[in-house]
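Input: a single structure, listed below in structure tokens.
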Amino acid sequence: MDIRKILSEATSTLGVSGQEAGVAAYFAEQFRLLVDEVRVDAMYNVIAHKKGSGNGPKIMLCAHLDEIALMVMRIEDDGSVRFGSVGGVDPRILPGSRVWVHGTKGKLFGTIGALPPHLMSEEDRNNNYKMDKLHVDLGMCAGKVREQVRVGDLITFNTPFTELAGNQVAAKSLDDRACVAIMLRAAERLQRMACDAEVYFVCSAQEEVGGRGAMTAAFGVDPDLAVVLDVDFALTPGCGPDVAAPLDAMVVTHGPFVQPKLNKRLIDCAHAHHVKLSENVAGRSTGTDADEIGVNRGGVPTVLLSLPEKYMHTSVETISLDTLEEGARLLSHFVSELDAGWEDDLWI
């Protein structure tokens with residue numbers, strides 16, 4: 001499996017929250033080579049099922065496939081395109097960005113502009129950019145823009161997948177398609193390993209706007225337990241170890257939304273297979289699909305395994321491919337070691 005190729009293709013495929021059809025079709029095709037059956041449901045969740053021996057539990061592995069983006073709100077008389085956000089887009093990162101406007105006749109290249117500081121008031125210069133002060137410039141008059149662009153059309157970052165030194169890569173939407181890649185690598189590894197568990201690899205939709213895909217997928221799958229994979233903050237200048245983790249190790253989270261004995265089993269599995277881990281605490285909710293899955297139906301014992309990422313929710317999200325591979329190795333061992341007695345020590 002060529003992980004670089006998969007990440008390059010996946011991060012360049014359109015899949016904004018609520019409109020994930022394209023990226024869902026892409027990942028469904030990748031999983032078909034590795035599992036027994038694949039389907040895409042009404043929410044654009046990809047659900048890939050690997051059958052077990054019949055003696056193990058039903059486990060749901062979940063990483064979301066949707067991405068944050070912008071959406072056209074109106075077209076000004078000078079042809080400028082005003083926009084709002086889909087998911088958590090910070091307006092401070094936008095000025096100077098290259099974008100694609102996904103119009104009615106195809107993609108249009110644009111740049112995001114803002115007033116230069118020379119023309120701002122002192123008050124505006126001292127404040128952060130706000131979304132309503134920014135616009136996309138397509139280089140066309142209003143009439144031509146209105147022929148090809150409608151309110152509600154999507155706007156995505158136009159940034160290439162880029163390889164960095166140290167086996168790191170940067171791209172948009174690595175949150176959370178890098179974790180879907182972890183599931184793909186784990187599925188590939190499980191083809192060569194004994195596995196009693198019924199495994200459901202779920203690429204969930206609409207996580208960036210509230211975990212709706214994971215909620216509905218968990219109801220449909222009705223798993224015995226779940227592992228959620230998402231990104232977490234990696235150490236960067238100005239971001240200390242109290243809120244971020246090193247880039248070179250997967251992260252386990254402790255907290256009320258994480259089943260503690262199942263979490264210990266995951267940590268013990270990492271130690272047994274010499275997988276380096278960092279640890280994190282979420283005193284309330286985790287802000288991931290784990291929150292929705294854990295309270296589905298009668299409750300699902302859930303753990304959260306995270307891939308450290310620099311520059312989250314920007315066009316240059318950065319991860320370590322070495323850490324991604326270690327995450328897949330841990331996930332495959334954890335799943336393969338689940339048997340009929342998996343919950344003997346889970347409850348009181």
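Note: relative contact order over the chain, using C-alpha pairs below 8 Å and six or more positions apart, is 23 percent. Counted over the chain, the DSSP beta bridges are approximately 60% antiparallel.
From Cα pairs below 8 angstrom and at least 6 apart in sequence, can you work out the relative contact order of the stretch 69-157, rounded to a whole percent?
45 percent
The percentage of C-alpha pairs in the stretch 136-193 whose separation is greater than 16 Å is 67%.
Legend: P(r) of the chain from all alpha carbon pair distances, 20 Å bins from 0, whole percents, reading 30, 54, 15, 1.
Note on residue 90 and residue 132: their simple-model spin labels are 2.3 nm apart, each label 7 Å out from Cα toward Cβ. Between the amide H of residue 198 and those of 52, 56, 58, 59, distances stay under 5 Å, these residues lying 5 or more places away or on another chain, with hydrogens modeled in the peptide plane. What the Cα convex hull of the stretch 192-348 gives, in volume per residue, is 130 Å³.
Just so you know, the Rg over Rh for the stretch 71-215 is 1.10, from Cα atoms, with Rh as the Kirkwood radius.
Here r is the Cβ-Cβ distance between residue 209 and residue 276 and R0 is 30 Å; the resulting FRET efficiency, rounded to 0.05, is 0.35. Here the stretch 229-287 is treated as a sphere whose radius is the Kirkwood value from Cα pairs; by Stokes-Einstein at 25 °C and 0.890 mPa s it diffuses with a coefficient of 199 µm²/s. Residue exposure proxy: 266, 174, ordered by other Cβ atoms within 10 angstrom of their Cβ from fewest to most, comes out as 266, 174. The trypsin sites (Lys or Arg not before Pro) of the stretch 78-182 that meet both conditions, a loop assignment by DSSP and at most 12 other Cβ atoms within 10 Å of the site Cβ, are 105, 130, 150.
Calculated on C-alpha atoms, the gyration radius of the stretch 1-72 divided by its Kirkwood radius gives an Rg/Rh of 1.02.
What ratio of Cα Rg to 2.2 N^0.38 Å holds for the stretch 69-157?
This ratio for the stretch 69-157 stands at 1.06.
Considering only 37, 207, 326, the mean-square fluctuation computed in a Gaussian network model of the chain, springs between alpha carbons under 10 angstrom, is largest for 37.
To the nearest 0.05, what FRET efficiency results for residue 98 and residue 222 with a Förster distance of 51 Å applied to their C-beta separation? It comes to 0.70. Here 209, 199 are placed in order of increasing Cβ neighbour count within 10 Å, fewest first, which gives 209, 199. Look at the alpha carbon pairs under 8 Å that are at least 6 residues apart: their mean separation over the length of the stretch 1-151 gives a relative contact order of 19 percent. Distance between the modelled labels on residue 141 and residue 107, one decimal in nanometres: 2.8 nm (7 Å Cα→Cβ projection).
Read the figures in this text as sums done on the coordinates, not as results from a lab. On a predicted model such as this, the values are computed, not experimentally measured, just so you know. Because the Cβ atoms are built from the backbone with ideal geometry, glycine has one as well, and the counts that use them run over all protein chains shown.
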